[in-house]
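**Student:** Structure below; questions to follow.
The values are calculated or read from the model by the stated rules, or taken from the named source; none is laboratory data. Fair warning: this is a prediction, and the values are worked out from it, not measured in the lab. Every residue, glycine among them, receives a Cβ derived from its backbone with ideal geometry; neighbour counts consider all protein chains shown. Side chains included, ligands, DNA and RNA excluded: accessible areas come from the protein's heavy atoms. Shrake-Rupley method; radii C 1.70, N 1.55, O 1.52, S 1.80 Å.
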Amino acid sequence: MKLKFITFILALVPLSIFAQQAELTATVSKNKLGVNQRLRVEFSINKQGADNFTPPNFKNFKIVGGPSQSVSQSWIHGKSTFSQSYTYIIQPLRKGEFNLPSATIQLDGKTLKSDPVKIIVTKAVKVPKNPNDPDYIAEQNIHLVAEVSKAKPYVGEGIYVEYRLYFSNNVGIYDNAITESPQYIGFWNQEIKIKNYDFKTAMYNGEQYRYAVLHRALLIPTKSGKLTIDPMKMDILVAVPTGRADFFGNPITRRVRKQYASAKKTIAAKDLPEEGKPESFTGAVGEFTYTLTSNKNTLKANESSELKVVVAGKGNLKLFELPKIETPKELEVYQPERKEKVRITSSGLKGSVSDTYTVVPEYKGKYKIPNTEFSYFNPKDNKYHSIATDDIFVNVTEGKELAKTPNNQVTKQDIQVTGNNFRFIQTTTSLGVIDNRNFFKSILFYILLILPLIAIPLAIFIGKKKSERDADIIGNKQRKADRLAKKYLSEASQQLGNKEQFYEALERALHNYLKAKLNVETSDISREKITEILDDKNIDIATIDQFIDVLKQCDFARYTPLTNTQMTQEYNNAKQVITSLDKQL
């Protein structure tokens, strides 16, 4: 039985090999190069038994190396792989766009061809005297690139920026850290969380690279014109090959630390068109639905109902006003409760924003709540769209009546007195003696007797302490500042241990504090502008530097591993700087 099983397995081995379709492929080290540079061309076939390889006609190129031949075969997870390759090193003879012709090879009586490869040759590029210089190799093989989804959005239209780190197979990365985060002046912005750094393959500058997305953010222009996205800067430790190998044939590398920066990006934000703009337009840009609903249309006086205004869809959900509800004066309406169920995706903000009004009628009658209209601009069709709701009628079945004047004006009725308003008034009484034998000389009697004697000195003592505390101006300022710091940092304290949420809440607390104190929207301005504002308020330099350092740490810490102890230290630093600022402001 065992012999039959082994025979069956061995019979499957050649089947797995021949199940693959034979293919001759051509790959190049780069598709774009200078006329003074070289490139590597490799032709490989994935089947055994091939022979009579014929290279292409390298017209417009000079062969400076090769051909070199190699064969590799492996067995991984029950699958056999085979590769036989022929490699050439070539150099272009002139500038231009060229198609590298097909190579051929014979297999089982058939001729296999590779696909032509397009190669772009530019003018000579600057090459250092020593091409093996580690700094030069590191610079040529790693690129930090900022990609934007749209260069000319409308004001209010969401786009996203993505920072990619491209690196070739010739180098290795051992350590990296963001030294300066980008600034988004003129944009409402929100980071899009990246859970895992997935490595992908793509072409960059005509060469094949691997890349990882390090940072992604949603941007919504808040004004028109040319808006600049400042570069992101990184410090990277790169392993560069030296061209030598150790005793076992493994390449020897040398580590160099390099600074990289993405290019500055310019976004040309367009104003929304004036033609066809509805009066009800309040800045909504995207694709939305709009509803106005009531949970009760029939109710009694002093019984509450709810009116709910909901805008849902995709767009700048946090940057426009919802329509206001107008009700008859006989209906008491409370301030609406705002609810936002919005999530951030790479394609923009999605979800809903709602206002819920509580309505309490006082008088009997039937009342009309007029219809409302919501308008938005859709960048896909470049048009404004308006959605109108129906009138809502509220029927109050029970309650006080409203009288009408000759001019049909509604007035409140006076109270009417009838003979049945006061049905019984007692005119005689019977008095008796209260039994107080159980109270006097009881424990409760003595407690009530002694209590004033204790309360008076206690009240004097408390009043004295309060006077001393009130006189302590510096102490009062300190306590008030501490309470304010705790108020703004409460959300951050709840997220201790959760790195992403903690630093988002910490940064938001610092901006909200300045917004409340200085009445400016600090989330839209740079750190340099914040420094200038605080300096104008006569805040000392040490406190300003401490505030900016905490903001910087909020940016850097999202990309570096941290412990709970470090987060607690950052929380204490933020609390200290808010306290210090509040005392000076």
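**Student:** Just the number, please: carbon plus sulfur as a percent of the accessible area of region 169-221, 1.4 Å probe, no ligands or DNA/RNA counted.
**Tutor:** Roughly 40 percent, rounded to a whole number.
**Student:** Which FRET efficiency value, to the nearest 0.05, is calculated for N60 and I192 with the Förster distance at 41 angstrom and r the Cβ-Cβ distance?
**Tutor:** Once rounded, the FRET efficiency stands at 0.35.
**Student:** If you don't mind, there's one more thing I want to ask. Just check region 315-373 against the gyration tensor rule for me: Cα atoms, a ≥ b ≥ c as the square roots of the eigenvalues, rounded for a/c under 1.5, and otherwise prolate or oblate depending on whether a/b exceeds b/c.
**Tutor:** Judged from the Cα gyration tensor, region 315-373 comes out prolate (a/c at least 1.5, a/b above b/c).
**Student:** A further question on this structure: With a Förster radius of 25 Å, plug the Cβ-Cβ distance of N46 and T253 into 1/(1 + (r/R0)^6) and report the FRET value to the nearest 0.05.
**Tutor:** Rounded to the nearest 0.05, the efficiency is 0.25.
**Student:** Could you let me know the centre-to-centre spacing of region 22-100 and region 251-314, using Cα atoms, in angstrom?
**Tutor:** Result: 51 Å between the Cα centres.
**Student:** Here's a follow-up. Kindly rank 387-395, 193-201 from highest to lowest mean number of other beta carbons found within 10 Å of each residue.
**Tutor:** Packing order, densest peptide first, comes out as 387-395, 193-201.
**Student:** Continuing with this model, one more query. Counting only other residues whose beta carbon sits under 12 Å from that of D175, what net charge do I get with K and R as +1, D and E as -1?
**Tutor:** Cβ neighbours under 12 Å give a net charge of +2.
**Student:** Just round it to a whole percent: the fraction of Cα-Cα distances in region 174-332 exceeding 21 Å.
**Tutor:** The answer is 70 percent, as a whole percent.
**Student:** Provide the solvent-accessible area of H511, counting protein heavy atoms only and rolling a 1.4 Å probe, rounded to the nearest 10 Å².
**Tutor:** 30
**Student:** Report the per residue volume, in Å³, of the convex hull enclosing the C-alpha atoms of region 270-376.
**Tutor:** That works out to 106 Å³ per residue.
**Student:** Which of the peptides 445-458, 145-158, 106-119 is most tightly packed, and how do the rest follow, judged by the mean count of other Cβ atoms within 10 Å per residue?
**Tutor:** The most tightly packed comes first, giving 145-158, 106-119, 445-458.
**Student:** Quick one: of K296/K364; K264/K318; K152/K200; K126/K200; K300/K324, which pairs are farther than 21 Å apart, Cα to Cα?
**Tutor:** As for pairs spanning more than 21 Å Cα to Cα, those are K264/K318; K152/K200; K126/K200; K300/K324.
**Student:** Still on this model: What is the sum of charges, Lys and Arg at +1 and Asp and Glu at -1, for the other residues whose Cβ falls under 12 Å from the Cβ of S304?
**Tutor:** With Lys, Arg at +1 and Asp, Glu at -1, the neighbours total -2.
**Student:** Pull out a ≥ b ≥ c, the square roots of the eigenvalues of the alpha-carbon gyration tensor of region 57-185, then state rounded if a/c is under 1.5, prolate if not and a/b is larger than b/c, and oblate in the remaining case.
**Tutor:** Here region 57-185 falls in the prolate category.
**Student:** In a shell of Cβ-Cβ distance under 12 Å around E157, excluding E157 itself, what net charge do Lys and Arg (+1) and Asp and Glu (-1) give?
**Tutor:** Every neighbour counted, the sum reads +3.
**Student:** Rounded, prolate or oblate: which fits region 125-214, taking a ≥ b ≥ c as square roots of the Cα gyration tensor eigenvalues, rounded meaning a/c under 1.5, else prolate when a/b beats b/c?
**Tutor:** Because a/c hits 1.5 or more and a/b exceeds b/c, region 125-214 counts as prolate.
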